Number of protein chains: 2
Amino acid sequence: MLPRSYEDQTCSIAGSLALIGDRWTLLVLRDVFLRLSRFDEIQRDLGIARNVLSDRLGRLVSAGVLERRVYQRRPARSEYRLTDKGRDLWPVLVSLLQWGDRYVYGGRPPLVLRHRDCGGELTAWRACAACGAQLGPRDVEARPGPAASPALRAKLAS
Amino acid sequence: MLPRSYEDQTCSIAGSLALIGDRWTLLVLRDVFLRLSRFDEIQRDLGIARNVLSDRLGRLVSAGVLERRVYQRRPARSEYRLTDKGRDLWPVLVSLLQWGDRYVYGGRPPLVLRHRDCGGELTAWRACAACGAQLGPRDVEARPGPAASPALRAKLAS
């Protein structure tokens, strides 16, 4: 836990981080944006302990970022969907992705976001590089990039 | 520490978070973007333990996000500046800020970023709401918003 002074800052960045700043949380959200929705899918993808994932998902539901739906009764199984509040976190994930593409992967990204309609790449301004449309999370599809691992290719194909 | 599997993911988001995903780190960067540059200024502003701040600054320098300059010899005192790589993290901080403005502060933000030239507010697409120019970190100034605390007002005035 960060000390209390952290949460006491009058700051929208600190406030956002208090809700979603845990690193596992951001990777859980990444997976939900990539349309993994079931507990077991996310757990397998992240290799995260079940109790940790359960905690993080519970916090995201409490914060109104995800909603839980039971899709099977016996045994009980839930899936998780982004709310509007959650979908509005897309720029946070896109900006982390683009910085990492450039500075961690040297411009050879594992994953590329393309405009569903015309195939243009997503720019740093969240527009389509080909047609110029401003894009949101529903307008893009994730494709393997030059640095995609076999596991990432399999995940994006499924 | 997050388990090793975290760092092993082939993912630009995970890669970015491995470098800057610690919450204190993002608040240190926020302060440097707000032109706090000296160890003691940042330490006072965050109320963070000196050894923790020293560790986080050292990591940011090692990662090439900040550069350290000695501005006084006896006693030795350093200041920290963003490199180009660090300045390129601006979209990450802006997106966290804007989400927090909306969902943590209900649209009454503590701090508002305005286009230096014409005073227009920064949009969600990092453009000026008044003149339409695309903006970067050097094009904006931070002004107190409706939810600014007295401490934040003093910080922005100095």
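The values are calculated or read from the model by the stated rules, or taken from the named source; none is laboratory data. None of these values were measured; they are calculated from a predicted model. Cβ coordinates were reconstructed from backbone atoms using ideal geometry, including for glycine residues, and neighbour counts include every protein chain displayed.
Residues considered: B:Val70, B:Val112. Of these, the only one that is part of a strand (DSSP E or B) and closer than 23 Å to A:Ser16 by Cβ is B:Val112.
The residues on offer are A:Val61, A:Val104, A:Val65, A:Val52, and the sole one that is farther than 27 Å from A:Ala148 by Cβ, over 13 Å from the mean Cα position of the chain (by Cα) and surrounded by 13 or more Cβ atoms within 10 Å (Cβ to Cβ) is A:Val61.
The set of residues in region A:68-92 that are surrounded by 19 or more Cβ atoms within 10 Å (Cβ to Cβ), under 11 Å from the mean Cα position of the chain (by Cα) and closer than 14 Å to A:Val28 by Cα comprises A:Leu82, A:Gly86, A:Leu89, A:Trp90, A:Val92. Return a yes/no flag: does region B:63-81 have any residue that is assigned by TED's automatic domain parsing to the domain that holds B:Phe33, among the β-branched types (Val, Ile, Thr) and either farther than 13 Å from B:Phe33 by Cβ or at pLDDT below 95 (or both). Yes, region B:63-81 has at least one match.
Scanning region A:20-49 for residues that are more than 13 Å from chain B (Cβ to nearest Cβ) and over 12 Å from the mean Cα position of the chain (by Cα) turns up A:Arg38, A:Phe39, A:Asp40, A:Glu41.
For B:Leu156, state whether it is more than 10 Å from chain A (Cβ to nearest Cβ), within 21 Å of B:Leu29 (Cα to Cα) and either touching a residue at least 40 places away in the same chain (Cβ under 8 Å) or out of contact with any helix residue (DSSP H, G or I) (no Cβ under 9 Å at 6 or more places or on another chain) (or both).
yes
Assess whether B:Gly15 counts as being assigned to a helix (DSSP H, G or I), surrounded by 19 or more Cβ atoms within 10 Å (Cβ to Cβ) and in contact with a strand residue (DSSP E or B) (Cβ under 9 Å, 6 or more places away or on another chain). No; evaluated as a whole, the condition is false for this residue. Hey, can you tell me all the residues within region B:90-109 that are assigned to a loop (DSSP other than H, G, I, E, B) and in contact with a Ser or Thr (Cβ under 8 Å, 6 or more places away or on another chain)? Selection gives B:Val104, B:Tyr105, B:Pro109. Within region B:35-49, the residues that satisfy the criterion of being outside any helix (DSSP H, G or I), touching a residue at least 24 places away in the same chain (Cβ under 8 Å) and either among the acidic types (Asp, Glu) or surrounded by fewer than 20 Cβ atoms within 10 Å (Cβ to Cβ) (or both) are B:Ser37, B:Arg38. When B:Ala129, B:Ala124, B:Ala133, B:Ala157 are checked against the criterion of being modelled with pLDDT under 95 and of a type in the set (A, V, I, L, M), B:Ala157 stands alone in meeting it. Residue count for region A:115-146, restricted to those that are more than 11 Å from chain B (Cβ to nearest Cβ) and in a loop (DSSP other than H, G, I, E, B): 11.
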